[in-house]
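Data first, discussion second: the structure below is written as C-alpha cells.
Each value in this text was obtained by applying a stated rule to the coordinates, not by laboratory testing. Here the structure is a predicted model, which means the values were calculated and not measured. Glycine gets a Cβ as well: all are built from the backbone with ideal geometry, and neighbour counts include every protein chain shown.
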C-alpha cells in the first residue's frame, strides 16, 4: 500500500480541533489584512498616489496654459518676451492656487487623525 492510500488514524474530534485552530488562525489573518488595507503607507491603497498625480498635473497644466497664452499674445502683438514672461508667472500662480485648493481639507470632512 502506498503512503497516500493509508487510512487516517485520527479521530473525528482531532479533525474538529484542527479545523477550529485553522479557522481561528484564518480569522486573525483576515483581521490583520483588513487593518493593513485601512492603514496609510506603502501597503495601503493607491489614493495618495492618485491625488499626487492629480495635483502635479494641475500645477503643470496651469504653467503650460499660461505659457501658451503668453506666446499667443506675443505673436499677436509682437511683444516677444513680455507676454510670455507675464503669462508664465500668472500660470505659475494659478498652478500654486490649484495645489492649495486641492490640498485644503474640505469643510464636510473631519480632520485626519495623527
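Within 10 Å, count the other beta carbons around each residue, average over each peptide in 50-59, 9-18, and list them highest first.
Descending packing order for the listed peptides: 50-59, 9-18.
Give me the distance in nm between label points sitting 7 Å out from Cα along the Cα-to-Cβ direction at residue 68 and residue 107, one decimal.
If labels sit at residue 68 and residue 107, their model points lie 3.3 nm apart.
So how far apart, in nm, are the two label points at residue 28 and residue 96 if each is 7 Å from Cα heading toward Cβ?
5.4 nm
Given a Förster radius of 41 Å and the C-beta distance between residue 56 and residue 9 as r, what FRET efficiency does 1/(1 + (r/R0)^6) yield to the nearest 0.05?
The formula returns an efficiency of 0.05 here.
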